[in-house]
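The values are calculated or read from the model by the stated rules, or taken from the named source; none is laboratory data. Bear in mind that the values here come from a model prediction, so they are computed numbers and not experimental data. Backbone-built Cβ (ideal geometry, glycine too); neighbour counts: all protein chains shown. The accessibility values were calculated without ligands, DNA or RNA, using every heavy atom of the protein model including side chains. Shrake-Rupley method; radii C 1.70, N 1.55, O 1.52, S 1.80 Å.
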Amino acid sequence: MKKVCNLLVVLFAPYHLVAQPLIEVAKLHYTHESWELAYTSYKNVLEINPYNDMYWYRYANVAEKINHLDEAIEAYRKTITLNTAHGLAMYRLASCYARKGDTKNALMWLEKAYHTGLYDIQSAIEDQNFKSLHSDNQFKTLTRQLFQPATNQIQAWRQDLEYLVEQVEKEHKNFTHSISSKEWQNAVQKIHNGIPQMTDLEIIGAFMELLAKIGDGHTLLYPPFQGTYAFKALPLEFYFFEDELYVRAAEPEYRSLVGAKVEKVGSMSIKAIMDACKNYLGHDNDMQLKWIMPVALGFGDIYELIGASKNRDSIAFTLQFLDGHRKTVSVKSGSLTRDPMARFAPSHWVDLQNSKIPLWKKDPENQYWYEYLTDRKIVYFQFNQVQNKPEQSLADFVKELVQFINKNEVKALVLDIRLNNGGNSFLNRSLIHEIIRNKKINTHGKLFTIIGRRTFSAAMNLTSDLEKNTATLFVGEPTGSSPNFYGEDNEFTLPNSGLTGSISSRYWQGGYTSDDTRTWIAPHLAASLSLENYRNNEDPALEAIFTYLEASKSE
């Protein structure tokens, strides 16, 4: 009788109750590479749920692995019907056709995979499934094997320009979102025509300016940090305190310059320098410029490029020092010896800040960590990069954090993402979900998020998710990006010069709607870092939170 009841439960249970165990079993077989079992399992799953492109893809994948090529082809085609930009499915479909000797369809689907911009088809060169095509000229063209080495420097730069334009037009989600097609074509043609008369530095600058015209913070040519065309680095670290540019740190030889305000370079005012420099830097908003422009101004070549200096080897700065006097100082540039994207200068450099290290600078290169402020009953959680650590995933760390909050007297959680310039947006979910379900901290006046100019990319998406789904109060500066933005670090390398950069391949809609045109997410409690704040180890953002909590207590 018990067996009959169980059978009736299965027969009359809703589809989703029957499908879920099948899906988990199929996933388990797929993960453990039990291909025959996975093949049967996904076939059963698709009989119940034929609407999910991932199930079709995995079914096709296992069918291909066990040499059921006709079934694999049909399933890959179904995958692409349900997800028209599935570059990997297109590549694998081309592979199946190649194995069957169908050259025409193999090349067609390989080209389609290429044009999605989501799959590097050059891997087909080493892929033995395509060995029947290795001598085919169309295959060689697609995989850039017919690339002819340049015979002179002008041709080399023009090949690089052609490749750069091709990559942008293929991979960018919408490269004409801020520039018209005509303007883009004219800019490209101008560079092409001008290359014979330009120096290498001018050509690099033209490429940088071309990508900056697209108008987003993930599409840019990186200043070359190494290689034949490596820019020369200055022994100074700059920072915008409010709207003024200062020397925040320096190598010991230039310790006397630390704390000085930059007024001119050569005969060029700092405002003119900023106006000229931003034309070479892809950016989402002015706050991002406050983050990345000081990085660019750490290279002597930039000053030569914008006309502030005739020689990248020695840059003449007119500085106003802390005691008020002004002086022009020549600073020599040299090989890069540090990470230019680091949050702070190397420890052996002289920093404007006194010896005491404030909480927000305690461990800036640690991806995530927290500390309990016992005297205030506050948990301070600094989140610096949206990536898993090898020893502990973000999801596991968040569970540990929440367990601590639940077991202890915690009056507020401070989430500090002012130094977080991104990572993997999909990892944010574990943090958002834990905050949403925790009523102890997800309450107005008990959850605070410190944001700033470096809050960018995946951290920008986290900010948008927090805004829409939690009770957080934002503190600090505006974010370095907007709620809706073009993103992803889809990197490229130019074939001759070796210059590298990034192209935005996704549109992230973090805002409330697609027409959310805000420049940034603004703080509820504005707290900018001044020169004196930094010099005296003060954190105005954290102090603003303490003041808010004290005021709330007295109400």
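Here is how the numbers come out for the structure above:
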quantity	calculated
Added length on full extension, which subtracts the Cα-Cα distance from 0.36 nm per residue, T40 to A522	168.3 nm
Sorted peptide list for 426-433, 302-309, criterion being average Cβ within 10 angstrom, highest first	302-309, 426-433
Given K407/K446; K27/K439; K112/K173; K356/K407, the pairs whose alpha carbons are separated by over 22 Å	K27/K439; K356/K407
Solvent-accessible surface (1.4 angstrom probe) belonging to H348, in square angstrom, nearest 10	120
Inter-probe distance in nm under a simple model that places probes 7 Å from Cα toward Cβ, at K468 and A272	4.6
Relative packing of peptides 282-289, 446-453, 523-530, 474-481 - highest average C-beta neighbours within 10 Å first	474-481, 446-453, 282-289, 523-530
Inter-label distance, nm, simple model (7 Å from Cα along the C-beta direction), K140/S180	4.2
Difference of contour (0.36 nm per residue) and Cα-Cα distance, S256 to D489	80.1 nm
Compactness of the stretch 235-298 - radius of gyration and Dmax, Cα, Å	11.8, 36
Simple spin-label estimate for M341 and K407 in nanometres, 7 Å along Cα-Cβ	3.7
At R0 = 22 Å, FRET efficiency that the Cβ-Cβ distance of K170 and E126 yields, to 0.05	0.55
Of all accessible heavy-atom area on the chain, the percent that carbon and sulfur account for (1.4 Å)	49
Table column - 3J(HN,Hα) (Hz), the stretch 89-105, Karplus curve with 6.51, -1.76, 1.60, x for Gly and Pro	5, 5, 4, 5, 4, 4, 4, 5, 5, 4, 5, 7, x, 8, 4, 4, 5
Accessible area per residue, Å², the stretch 254-381 with all protein chains present, probe 1.4 Å	46
Cα-derived Rg to Rh of the stretch 502-549, Kirkwood definition	1.19
Rounded to the nearest 10 Å², the accessible area of E253 at probe 1.4 Å	150
For the chain, calculated [θ]222 nm from helices alone, where every DSSP H run of n ≥ 4 adds -39500 (n - 2.57)	-13000 deg cm²/dmol
Förster-model FRET efficiency, 51 Å R0, Q387 and I154, C-beta, rounded to 0.05	0.75
Kirkwood Rh (inverse of mean 1/r, distinct Cα pairs), the chain, angstrom	27.0
Efficiency of FRET from Cβ geometry, Y229 and S530, R₀ 45 Å, rounded to 0.05	0.75
Under Karplus coefficients 6.51, -1.76 and 1.60, residue-wise ³J(HN,Hα) of the stretch 344-353 in Hz, glycine/proline x	9, 5, x, 5, 7, 6, 8, 9, 4, 6
